[in-house]
Amino acid sequence: MNILDLFDTDKFQVYVTDAIKWLNENVFVLSTVNQVLIILAACVVAKFLDGRIRRWASDAIEGTRYQTQLQNIGIHTGPLTFTFIWLVLQWFSVFMTETAKLPNGLIEAVVSLLTAWMVICLATGFIRNAFWARTVAVMAWTIAALNIVDLLQPTIEFLDALAFSFGKIRLSVLGVIKGIIAVCVLLWTALALSKFLENRVKTLPGVTPSAQVLIGKTLRITLIVVAVMLAISSLGIDLTALAVFTGGIGVGIGFGLQKIFANLISGFILLMDKSMKPGDLITLTTETGSNKVFGEINKLSARYVSVITRDGIETLIPNEELISTRVENWSFSHNNVRIRIPFGVSYDSDIHKARELALQAAVDIDRVFKEPAPVCNLLQFGNSSVDFELRVWIGDPINGVGNIKHQINMRLWDLFKENNIEIPFPQRDLHLRSAVPLRVESNKDG
């Protein structure tokens, strides 16, 4: 139709007549009115049941073991209760009308729109990634639109016809699309299920943190592998055909990925032998021996261990390095640590008094154990001082070792000042054995 035809009275009247005829034949008929009434009735019933079902569900989960998890699910799915009930009623209406051999094209269109709306709401509620949520929404609306205009089945047949074969394997565009959807859905399900199971394992009594991490990682890897295998099977690919491919992967692992898999195996060894766990305080000497990493283990991963140093820097240490390098675990079997604090006093000072003051300085600090008691030993008579070493025990190295040394040294300084105990500094005395005469000549000429 040309837009200029609207200004032609005769042609415009023809268009109006055709439109009225189409409405009388397709809209203002008994079958269409019946479908509209069925849709409205289903909507009213769904609205009536919505509030009651939500209140019943809230009362049912109150005080149950999984109340928090079910409430979190309800936050995302609660607003969809009305849509879901309406959709179920419309599905029932389609079944009844087909059984009675009555027209139901309008009801099927509503079912398609409600299904697309449900998928979109679930995608935006559970899929946090904006790109994937938008992709799912576009796919849902596209399928709904094709179904409404009766083009969904022809489209499926066309995509299935675009195929190629190699050997006994046939791959079509439709199969690839189904495989991609299956991979995404199965992987998302596997990751969500593994996260739920990991949280459940953490609540089990008697399971060490290392065992919790090991069980969680094993479950995650197992579920991901199962999801990938199921997705491949959904494409119609025989898994035995992957034997050659698997052999090639093995060769690739042997040459190019040996470091990665060495870290993976080392990670499982660390988790199984329970030599480290989150919360342990460790000191790791680097391969060159020129630097040390001192900090608290924050996370055990399949490839690395996350250690947070005292500077707040999170260092990721490969598992292989922890297996092959000497590691000092300050809290492996217990948290008790002995700290050594060397100091010296002048030869003119009362060394017995100095030793008593050192022990008092240690006892005055709250974090220092009273039993075993602090010990102060005279080590040697140095060049400039009498050298002592104060040894104390603490039970919370995670709260810092340097700060406890600082507190004891500050208290030691105050006590020595109050009791006139001198802390010497290096000095040297020079003695001239004999004087050497100097010859002086005077020049008369100036």
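The values are calculated or read from the model by the stated rules, or taken from the named source; none is laboratory data. Note that the structure is a prediction, hence the values are computed from the model and not measured. Here Cβ is always computed from backbone atoms with ideal geometry, including for glycine, and neighbour counts include all displayed protein chains.
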- Task: Return a yes/no flag: does the range 219-228 have any residue that is hydrophobic (A, V, I, L, M, F, W, C), under 30 Å from Arg170 (Cα atoms) and at pLDDT below 70.
- Result: no
- Item | Candidates Asn72, Asn147, Asn104, Asn129 - the one that is buried (at least 16 other Cβ atoms within 10 Å of the Cβ) and at pLDDT below 70 | Asn147
- Select from the range 351-384 the residues that are modelled with pLDDT under 90 and more than 48 Å from the chain's Cα centre (by Cα) and list them in ascending order. Gly382, Asn383, Ser384
- Query: Looking at (1) at pLDDT below 75; (2) exposed (fewer than 14 other Cβ atoms within 10 Å of the Cβ), can you tell me which one Gln153 breaks?
  - Reply: (1)
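Criterion first (buried (at least 17 other Cβ atoms within 10 Å of the Cβ) and under 16 Å from Ile394 (Cβ atoms)) does Ser349 satisfy it?
Numbers: buried (at least 17 other Cβ atoms within 10 Å of the Cβ): yes; under 16 Å from Ile394 (Cβ atoms): no.
For Ser349, the condition - buried (at least 17 other Cβ atoms within 10 Å of the Cβ) and under 16 Å from Ile394 (Cβ atoms) - is not met.
Would the range 261-273 turn up any residue that is in a strand (DSSP E or B), modelled with pLDDT of 70 or more, among the aromatic types (Phe, Trp, Tyr) and farther than 25 Å from Lys178 by Cβ? Walk me through it before giving the result.
Applying the first criterion (in a strand (DSSP E or B)) to the range 261-273 yields none.
Taking every residue of the range 261-273 in turn, none turns out to be in a strand (DSSP E or B), modelled with pLDDT of 70 or more, among the aromatic types (Phe, Trp, Tyr) and farther than 25 Å from Lys178 by Cβ.
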- Message: Going through Val307, Val375, Val327 one at a time, which residue ends up being in contact with a Leu (Cβ under 7 Å, 6 or more places away or on another chain), surrounded by 14 or more Cβ atoms within 10 Å (Cβ to Cβ) and either β-branched (Val, Ile, Thr) or not assigned by TED's automatic domain parsing to the domain that holds Thr285 (or both)?
- Response: Val327
- Across the range 312-340, the tally of residues that are of a type in the set (A, V, I, L, M, F, W, C), touching a residue at least 60 places away in the same chain (Cβ under 8 Å) and touching a Ser or Thr at 6+ places or on another chain (Cβ under 9 Å) stands at 2
- Message: Based on this model, can you work out whether Ser210 counts as under 30 Å from Leu270 (Cβ atoms), modelled with pLDDT under 70, of a type in the set (Ser, Thr, Tyr) and under 28 Å from the mean Cα position of the chain (by Cα)?
- Response: yes
- Query: Restricting to the range 315-333, what's the tally of residues that are in a loop (DSSP other than H, G, I, E, B) and under 14 Å from Val305 (Cβ atoms)?
  - Reply: 1
- Looking only at the range 382-408, which residues are closer than 14 Å to Pro342 by Cβ and assigned to a strand (DSSP E or B)? Val386, Asp387, Phe388, Glu389, Leu390, Arg391, Val392
- Those residues of the range 340-360 which are in a helix (DSSP H, G or I) and either over 13 Å from Arg391 (Cβ atoms) or outside the structural domain of Val392 (by TED's automatic domain parsing) (or both), in sequence order: Ile351, His352, Lys353, Ala354, Glu356, Leu357, Gln360
